[in-house]
Amino acid sequence: MKLSKEIKTAILVIVGILFFVFGFNYLKGKNLLDSSRTFYTVYDNVEGLAPSTPVTISGLPVGRVQSIGFTDDGSSKLLVKLLVTTDYKFSKNSKAQLYEAGLIGGKAIAIVPAFDNAEEAEDGDTLEADIKAGLSELVNQRLTPLQEKIETMMVSADSLLNNINDVFDSKTKDNLRKGIADMSATMSSFKETSASINSLLKSNQERLNNTLANAESMTNNLNSITDSIAKADLGKTIEELQGTIGKFNNVMASIENGEGSIGKLLKDEGLYNNLEGASKQLEQLLQDMKLNPKRYVHFSLFGKKPGDYDAEKNEKKDNGN
């Protein structure tokens with residue numbers, strides 16, 4: 001059976017329309033011959049994301065971004081339609097994470113599956129949106145506090161420099177110059193003094209050596225004396241000394257108790273009074289001998305008989321002569 005030209009033309013037109021619809025949907029990320037699933041997610045900002053961008057799970061491409069548009073609630077939020085071509089199962093609590101595909105590669109979406117035994121995600125479900133900080137955002141997060149610290153430090157440095165300029169006025173600078181000049185003169189004087197000391201040490205090197213040798217000899221002698229003392233029987237010597245001290249204490253106790261001649265002499269008040277009276281009488285006798293020597297010493301060339309004296313040692317007169 002032969003087909004007419006009109007039928008052939010109609011068949012070609014229908015096939016062309018089918019190919020056009022298939023190609024158009026394929027370019028939009030939808031394969032009409034595949035039983036794929038569609039999911040939705042909502043973002044506040046999708047800068048860098050474009051239709052046909054790959055959708056991945058654990059880094060494996062599993063679909064594409066089919067379309068991006070505003071939501072119907074009148075807000076500025078964006079509704080992203082995802083076409084997943086794999087039959088990989090994940091729960092409704094899984095997240096659609098927006099991340100940077102590279103420094104200049106734009107952005108992509110990764111489905112982060114949740115294995116929480118919840119209900120499986122089905123065609124037409126909306127996944128929770130999530131945004132992963134990219135390299136530029138991480139750099140900004142790190143640089144922003146650093147920038148603030150640098151600005152604070154620069155303000156402090158500027159304030160410090162202003163304070164330094166206020167402190168180091170012309171008078172202070174002159175004082176600093178004078179102080180540095182004085183320090184230089186002091187260092188020069190110290191250098192000269194050091195040279196003099198070195199010269200003095202050099203000229204008296206032999207005496208210093210002799211002094212050090214004598215000091216070493218004295219140290220050796222001291223060590224010998226120390227060794228001798230260490231070898232001596234100090235225990236026996238101390239024991240004898242303690243015995244002597246004990247005997248001395250006994251003697252002192254006897255004297256204190258009035259025992260012995262010395263003790264009686266020190267403790268007997270009668271003996272003390274007798275000695276004191278005898279001393280006074282002896283003193284009176286010596287005084288009388290000094291005043292009246294003729295009473296005690298008689299000398300006569302003609303044999304004159306000495307006179308008698310009364311109890312008061314006054315010479316008696318002889319009435320018969």
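The values are calculated or read from the model by the stated rules, or taken from the named source; none is laboratory data. None of the values given here were measured: they were computed from a predicted structure. Heads up, the Cβs are rebuilt from the backbone with ideal geometry, glycines too, and the neighbour counts pull from every protein chain shown.
Values for this structure:
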quantity: Subset of the stretch 151-176 [among the hydrophobic types (A, V, I, L, M, F, W, C) and part of a helix (DSSP H, G or I)]; calculated: 153, 154, 155, 157, 160, 161, 164, 167, 176
quantity: Subset of the stretch 208-246 (residues that are of a type outside the set (A, V, I, L, M), in a helix (DSSP H, G or I), modelled with pLDDT under 85 and more than 49 Å from the chain's Cα centre (by Cα)); calculated: 228, 231, 235, 236, 237, 239, 240
quantity: Any chance residue 14 is farther than 22 Å from residue 123 by Cβ, at pLDDT 80 or above and either outside any loop (DSSP other than H, G, I, E, B) or of a type in the set (Asp, Glu) (or both); calculated: yes
quantity: Residue check for residue 132: in contact (Cβ under 8 Å) with a residue 60 or more places away in the chain, surrounded by 10 or more Cβ atoms within 10 Å (Cβ to Cβ) and either among the basic types (Lys, Arg) or assigned by TED's automatic domain parsing to the domain that holds residue 62 (or both); calculated: no
quantity: Residues of the stretch 113-149 satisfying the condition of being β-branched (Val, Ile, Thr) and modelled with pLDDT of 85 or more; calculated: 126, 131
quantity: Residue satisfying condition, being within 30 Å of residue 263 (Cβ to Cβ) and either surrounded by 10 or more Cβ atoms within 10 Å (Cβ to Cβ) or β-branched (Val, Ile, Thr) (or both), within set 212, 201, 208, 241; calculated: 241
quantity: Test: residue in the stretch 249-271 that is outside any helix (DSSP H, G or I), in contact with a strand residue (DSSP E or B) (Cβ under 8 Å, 6 or more places away or on another chain), of a type outside the set (Gly, Ala, Ser) and modelled with pLDDT under 70; calculated: no
quantity: Residue match in the stretch 34-52 (condition: surrounded by 11 or more Cβ atoms within 10 Å (Cβ to Cβ), at pLDDT below 85 and not in a loop (DSSP other than H, G, I, E, B)); calculated: no
quantity: The stretch 53-71, residues that are part of a loop (DSSP other than H, G, I, E, B) and either at pLDDT below 85 or under 17 Å from residue 87 (Cα atoms) (or both); calculated: 58, 59
quantity: Yes/no for residue 107 being at pLDDT 85 or above and touching a Leu at 6+ places or on another chain (Cβ under 6 Å); calculated: yes
